[in-house]
1. Mind checking which pairs have a first residue in region 110-128 that is acidic (Asp, Glu) and a second that is surrounded by 18 or more Cβ atoms within 10 Å (Cβ to Cβ) and assigned to a helix (DSSP H, G or I), Cβ under 7 Å, 6 or more apart or different chains?
2. Any idea which of (1) surrounded by fewer than 18 Cβ atoms within 10 Å (Cβ to Cβ); (2) touching a Cys at 6+ places or on another chain (Cβ under 8 Å); (3) of a type outside the set (A, V, I, L, M, F, W, C) is the one His168 doesn't satisfy?
3. Considering only region 149-175, state which residues are farther than 19 Å from Thr70 by Cβ and within 16 Å of the ligand (Cβ to nearest atom).
4. Pairs, please: C-beta under 6 Å, at least 6 apart or cross-chain, first residue at positive phi and in region 149-173, second among the aliphatic types (A, V, I, L, M) and within 14 Å of the ligand (Cβ to nearest atom)?
5. Hey, could you check region 192-213 for residues that are touching a residue at least 24 places away in the same chain (Cβ under 8 Å) and at positive phi and say which is farthest from the ligand (Cβ to nearest atom)?
6. Determine which single condition Glu188 fails, assuming it passes every other condition in (1) farther than 24 Å from Ser32 by Cα; (2) within 16 Å of the chain's Cα centre (by Cα); (3) not in a helix (DSSP H, G or I).
7. Of the residues His105, His168, which single one is under 27 Å from Ser226 (Cβ atoms) and touching a Lys or Arg at 6+ places or on another chain (Cβ under 7 Å)?
8. Taking interchain pairs and intrachain pairs at least six residues apart, which have beta carbon atoms under 6 angstrom, with the first residue in region 18-32 and without any contact (Cβ under 8 Å) to a residue 60 or more places away in the chain and the second within 8 Å of the ligand (Cβ to nearest atom)?
Amino acid sequence: MKQVILNNGNEIPEIGFGTWQTAKGVQETVKSALEAGYRHIDTADIYGNEAEIGEAIEAFGIDRKELYLTTKIWNSNRNSIGVKQSVEQSLKKLKTDYLDLLLIHWPANEKQFENWKSINAETWKAMEELYKSGVVKSIGVSNFLVPHLKALLKTAEVIPAVNQIEFHPGYTQPETVEFCREEGIVVEAWSPIGSGRLLKDEDLKDIADQYGVSPAILCIQFCLQSGVVVLPKSENPENIKNNLRFERFKISESDMKALKTLEETGFSGLNPGTVDF
Ligand SMILES: NC(=O)c1ccc[n+]([C@@H]2O[C@H](COP(=O)([O-])OP(=O)(O)OC[C@H]3O[C@@H](n4cnc5c(N)ncnc54)[C@H](OP(=O)(O)O)[C@@H]3O)[C@@H](O)[C@H]2O)c1
């Protein structure tokens, strides 16, 4: 699978398997994903599924070095002790002795905390220590907007390798993406299909029809063509396979523009600057 090079020289597969809110049981879907050829899995402490993912990986019997595992620090573990305990737990559940990528799931934000900058700086410092110890191969953030990134960079010794943000047709966060590009931070797209909401969009469906692909595949290609690592989720084995193995095609410049400026039908409604969790 095509790899993207991070700012520390490590490589990340350009398509990863999303595991949030898996109704069927994540063990089954991760098994389908590994069988289909995914080697990059995206999870988080808060998803509550790391142990099941660990089981699925062990049962599949793959060499750890062939897998790329991402997890995230939840908001209740922002201090130094919390970060380290959270990582210890994640390692145990995932049955591994290192993580490929560790992310701050959401920034401490200006709505909830007066001292949000120092909270994020403390979380980051603890992650830098884990990075230096080698237990985490790359560190990054998620849902960081430009002000959160700018504040973090003031005290960071290690530049985040990744910013995982909501990104899909109709919601592309151009300011954040541009800032990340300037700073050498790879952008990852969460909810690339708008958690399924985009499948109902008639304009998107019309464009997909022109290319003879499904709306979901159009969304995935849109992310790849935007230079963004993409994390589709599916519980359907056929969709799981197609989302990884579809024949790559080129979306025209005018259709890329139309997709960028599509109505926000897929938007989650979550603004990292104002969420109260
Ligand atoms: N960092 C964060 O804060 C954050 C937030 C949200 C999500 N994420 C990550 O991003 C991942 C993906 O986002 P998401 O879970 O919101 O979902 P998503 O990938 O945007 O959309 C999943 C939906 O699309 C459908 N689908 C997928 N492939 C399809 C296909 N080929 N044809 C038809 N339908 C298809 C799925 O249904 P079927 O199951 O029927 O295929 C499901 O309803 C998450 O799982 C998680 O790992 C991170």
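Computed from the coordinates by the stated procedures, all read-outs in this text should not be read as laboratory data. Quick caveat, the model's predicted, so the values are computed rather than measured. Note: ideal-geometry Cβ built from the backbone for every residue, glycine included; neighbour counts use all protein chains shown.
1. Glu110/Trp116
2. All conditions are met except number (1).
3. Across region 149-175, the qualifying residues are Pro169, Gly170, Tyr171, Thr172, Gln173.
4. Gln173/Ile165
5. If we filter region 192-213 for residues that are touching a residue at least 24 places away in the same chain (Cβ under 8 Å), which is where we start, we get 192-195, 197-198, 200-201, 203-204, 207, 210-211, 213.
Of the ones still in play, those that are also at positive phi are 194-195.
On the way: Gly194: 6, Ser195: 4 Å.
The extreme case among them is Gly194.
6. (1)
7. On the way: His168 fails: touching a Lys or Arg at 6+ places or on another chain (Cβ under 7 Å).
Of His105, His168, the one residue that is under 27 Å from Ser226 (Cβ atoms) and touching a Lys or Arg at 6+ places or on another chain (Cβ under 7 Å) is His105.
8. Taking only residues 6 or more apart or on different chains, the pairs are Val26/Thr19.
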